[in-house]
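The values are calculated or read from the model by the stated rules, or taken from the named source; none is laboratory data. Note that the coordinates shown come from a computational prediction; the quantities given were computed from them, not determined experimentally. Here the Cβ is made from the backbone with ideal geometry for all residues, glycine too, and neighbour counts use every protein chain on show. Ligands, DNA and RNA are excluded from the accessible area calculation, which covers all protein heavy atoms including side chains. Shrake-Rupley method; radii C 1.70, N 1.55, O 1.52, S 1.80 Å.
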Amino acid sequence: MAKSPWSTPITEALRADGIELGGIGLGDIELGDIELGAFDTSATPGFRGDKKSGERLLAERGPVLSDLQEKLFANGRSGDPRNVLLVLQGMDTAGKGGIVRHVIGSVDPQGVDHAAFGVPTAEERRHHYLWRIRKRLPRGGQLGVFDRSHYEDVLVVRVHELVPPDVWGRRYDEINRFERKLTEAGTTLVKVAMFVSLDEQKKRLAERLNRPDKYWKFDPDDIAERGHWPAYREAYQDVLDRTSTEYAPWYAVPADRKWYSRLAVTELLIDALRRLELDWPAAQFDVEEQKRRLAAS
């Protein structure tokens with residue numbers, strides 16, 4: 001039997017409970033009074049191989065993910081209320097879009113419900129912050145994908161002081177209750193926090209500025225956001241500390257190596273779908289009778 005490319009199961013290698021982010025992988029850089037360096041964003045936790053073997057494995061695992069997702073979709077068509085929701089959080093350039101294109105893009109789009117949450121619209125601001133989230137929750141059989149999510153309301157909102165601390169401070173418990181109800185109703189949550197280093201982010205932003213085909217992805221505000229990095233570090237640490245639960249754990253994914261982050265998310269989704277123990281739904285008709293009808297038609 002071939003040796004597994006994983007030294008540690010992916011759910012154990014990336015489980016965020018107890019992780020001290022420090023500087024979210026910024027090396028030994030010191031910004032203000034904060035010592036950064038506890039989380040290596042260029043690491044490949046649990047994986048034994050290199051980039052070449054990782055890319056080869058990703059190509060092999062894509063069809064496995066696709067088959068499991070098709071079973072989920074088929075069961076949903078037969079009335080199964082269960083679904084899977086992938087929540088992607090990360091600073092700009094962390095690779096959330098690449099996950100959507102290269103991982104989610106390998107499955108049947110009929111069974112995917114993708115939502116990207118940006119700055120709230122005027123209508124959304126008139127409602128509770130979870131209002132727009134509830135509107136986009138996946139239906140039974142769907143693989144839902146949130147590119148950013150309700151966690152923006154304890155990250156961006158906190159860092160930019162858009163509401164008082166006593167307001168965003170209450171949201172952690174509220175989010176935990178919200179997610180518990182989701183899981184009790186049949187949703188499997190796969191929460192992925194993608195962490196990129198300041199240096200790697202700078203390279204990716206520079207690439208966008210140097211390539212006309214990438215201009216559309218560049219936002220001048222991304223440069224200003226880099227100045228808030230220490231505040232985001234603290235905000236992300238609290239998110240992991242206060243909202244990683246047994247029913248909806250966080251997985252912290254190093255994102256400097258795109259091939260690894262895509263492989264890691266693929267494996268996390270495969271694990272989540274396998275735990276549903278899905279099989280193809282039974283026919284709701286007499287198969288032999290339909291064969292006879294077809295032969296006679």
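The table for this structure:
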| read-out | value |
| --- | --- |
| The chain: most fluctuating residue of Val154, Val163, Val145 per GNM, C-alpha cutoff 10 Å | Val163 |
| Max mean-square fluctuation residue, GNM over the chain, Cα-Cα springs under 10 Å, options Trp250, Trp280, Trp259 | Trp280 |
| Cα gyration tensor shape of segment 84-124, rounded if a/c is under 1.5, else prolate or oblate by comparing a/b with b/c | oblate |
| Residue-by-residue Karplus 3J(HN,Hα) for segment 5-16, coefficients 6.51, -1.76, 1.60, Hz, glycine and proline x | x, 10, 7, 9, x, 4, 5, 8, 5, 10, 4, 7 |
| Fraction of accessible area attributable to carbon and sulfur, the chain (%, probe 1.4 Å) | 49 |
| Prolate/oblate/rounded label for segment 28-183 (Cα gyration tensor, a/c 1.5) | oblate |
| Exceeding the 21 Å Cα-Cα cut-off - candidates Lys52/Lys214; Lys51/Lys96; Lys3/Lys71 | Lys52/Lys214; Lys3/Lys71 |
| Where the chain is the region considered: accessible area per residue in Å², 1.4 Å probe | 51 |
| Neighbour cut-off at most 14 other Cβ (10 Å), DSSP loop, GluC sites (Glu not before Pro), segment 218-272 | Glu246 |
| Heavy atoms of Leu189 accessible to a 1.4 Å probe, total area in Å² rounded to 10 | 10 |
| Segment 215-276 shape via C-alpha gyration tensor axes, a/c threshold 1.5 | oblate |
| Share antiparallel - DSSP beta bridges, the chain, percent rounded to 5 | 15 |
| Exposed-site-free run, longest, the chain (rule: trypsin sites (Lys or Arg not before Pro); DSSP loop; at most 12 other C-beta within 10 Å) | 4-125 |
| Those lysines that a straight Cα-Cα span of less than 20 Å connects to Lys181, excepting residues fewer than 8 apart in one chain | Lys135, Lys191 |
| Paramagnetic label zone (point 7 Å from Cα along Cα-to-C-beta, Leu130; backbone N under 18 Å) in segment 180-198 | 180-191 |
| Contact order relative to length of the chain, as percent, for alpha carbon pairs under 8 angstrom and 6 or more apart | 30 |
